[in-house]
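Structure, as structure tokens:
The values are calculated or read from the model by the stated rules, or taken from the named source; none is laboratory data. Small disclaimer: the values here were computed from a predicted structure and weren't measured. Every residue, glycine as well, gets a Cβ built from its backbone with ideal geometry; the counts of neighbours run over all protein chains shown. Remember, those area values only see protein heavy atoms, side chains included, never the ligands or the DNA or RNA. Shrake-Rupley method; radii C 1.70, N 1.55, O 1.52, S 1.80 Å.
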Amino acid sequence: MVPVAVLPETAGTLSLLEWHDAEGNAQRVAWRSENGSAPPRRIVLADDQLAADVAYRLAAEGTGLLWTGDFQNARQLLQALARRLDRSGPGKSQTDAAFPQRFHLHRQRQAQRARILGMLIVPLEADYRIALRRAPDVVAACTQAYGPALPGQPKAWVSLREVQGLIGASEWRKKGVPVPALGLDASGQPRHIHPYHGVFSPLRGEYLALVRDAAWPAAGNGQAPAQAFDIGAGTGVLSALLALRGVPRVVATDVNDKALACARFNLERLGLNGPVELLEQDMFPAGRAALVVCNPPWLPGKPSSLIEQGIYDPQSGMLRGFLAGLRDHLAEGGEGWLILSDFAEHLGLRSRDELLAWIAESGLRVAGRDDVRPVHAKSQDATDPLFAARQQEVTSLWRLVPA
């Protein structure tokens, strides 16, 4: 197949590309990738006549397939590529290796899968329409993820896999996620949190139950503290939970503008924007609080997508930053609540001794710990390459006080 484009090395959420088509005509297009991945160096036209085996070979070689046929057929082709990847299965080295090697092999396989499936590309018009037969309306989903279409912005290429992710995220945002720990709404149903694209969804309810059921710091004589800090607001679910439990003032911080917008929407929807103040700030706000809560990403490592920023914490930077600054932001008699899974320990990525040493080095001691075992679907999936570690996982609320 003759390439329609051979592109320079470039990466970013939005990169402008100049290329020449098969007739030698100069073209200008944007490459969109929320994960910041570079476009394929070589791109060929593809349509309904392309066989799945040929498509798989090209994608595995790193050739992008710019789709010009029926959109629904493109979806079927993507599913066919995924089936071929699934049939190959994890290698024996991945299933036999000890942790953490098994984890790293798993991550490599995930990255390879994402790279191959990302080779199927669809064209976006400047107003975010997909000009293909039987294409869905993705304007709202793209607007939520990319922002409003700007006057004069170019057409774009984007992987079909990313488009499907945008559609799924838009549906999650519209329908919301039921969070039983937040109690019931006026209709008797669990209150919902509506995650935005790229903001980690509170699907794992066990850590929220820990915060819902935890006893207040002793300094308040069993009463809710006058002020609490929520470090890393995300969807705003922890701030909402604290406010619903009776904390009159919660100050929540985050550096992600999407997370802050998401938290603001959820708090307003729950009628809690009064007691909760949102700040665009790294880690701690000014002052001290009797309760400081943080649920950092649980695994040390580099995230490969926006959503993985809620899972991976490079060099445990947020965890260590929270511990290092906590003492200076606790009011007298106050507590820091660190909500953390020990999954990283079972994967061999961090030891319990390391965690305890970081706590001690920060001038803190453990006043107590509440534990719960996860109940999410992956913890029950024996086919998961990490199942042996997931079986042992415990999520804890560490109650930290000055030493």
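A few remarks follow.
- Filtered residues of the stretch 285-294 (kept if open to solvent by 40 Å² or more (accessible area, probe 1.4 Å) and either of a type in the set (A, V, I, L, M, F, W, C) or touching a Leu at 6+ places or on another chain (Cβ under 7 Å) (or both)): ALA286, ARG288
- Matching entry among ALA114, ALA145 (being open to solvent by less than 30 Å² (accessible area, probe 1.4 Å), part of a helix (DSSP H, G or I) and of a type outside the set (Asp, Glu)): ALA145
- Among the residues listed as THR95, THR63, the single one being modelled with pLDDT under 95 and over 30 Å from LEU347 (Cβ atoms): THR63
- The stretch 50-85, residues that are open to solvent by 40 Å² or more (accessible area, probe 1.4 Å), closer than 16 Å to LEU132 by Cα and in contact with a strand residue (DSSP E or B) (Cβ under 9 Å, 6 or more places away or on another chain): THR68, ASN73
Here is a yes/no grid of residues against (1) closer than 28 Å to HIS329 by Cα; (2) in contact with a Leu (Cβ under 9 Å, 6 or more places away or on another chain); (3) part of a helix (DSSP H, G or I):
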position: GLN164; (1), (2), (3): no, yes, yes
position: ALA169; (1), (2), (3): no, no, yes
position: SER187; (1), (2), (3): no, no, no
position: GLY198; (1), (2), (3): no, yes, no
position: PRO202; (1), (2), (3): yes, yes, no
position: ARG212; (1), (2), (3): yes, yes, yes
position: ASP230; (1), (2), (3): yes, yes, no
position: ALA263; (1), (2), (3): yes, yes, yes
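- Selection from the stretch 371-395 of residues that are under 22 Å from LEU210 (Cβ atoms) and either in contact with a His (Cβ under 9 Å, 6 or more places away or on another chain) or open to solvent by less than 50 Å² (accessible area, probe 1.4 Å) (or both): VAL372, PRO374, HIS376, SER379, ALA389, ARG390, GLN391, GLN392, GLU393, VAL394, THR395
- Residue check: ALA140 meets all listed conditions (1) of a type in the set (A, V, I, L, M); (2) farther than 21 Å from ARG41 by Cβ; (3) in contact with a helix residue (DSSP H, G or I) (Cβ under 7 Å, 6 or more places away or on another chain); (4) open to solvent by less than 50 Å² (accessible area, probe 1.4 Å) but one, namely (4).
- Subset of the stretch 1-49 [at pLDDT 70 or above, open to solvent by less than 70 Å² (accessible area, probe 1.4 Å) and part of a loop (DSSP other than H, G, I, E, B)]: GLY24, SER33, GLU34, GLY36, SER37, ALA38, PRO39, PRO40, ASP47, ASP48
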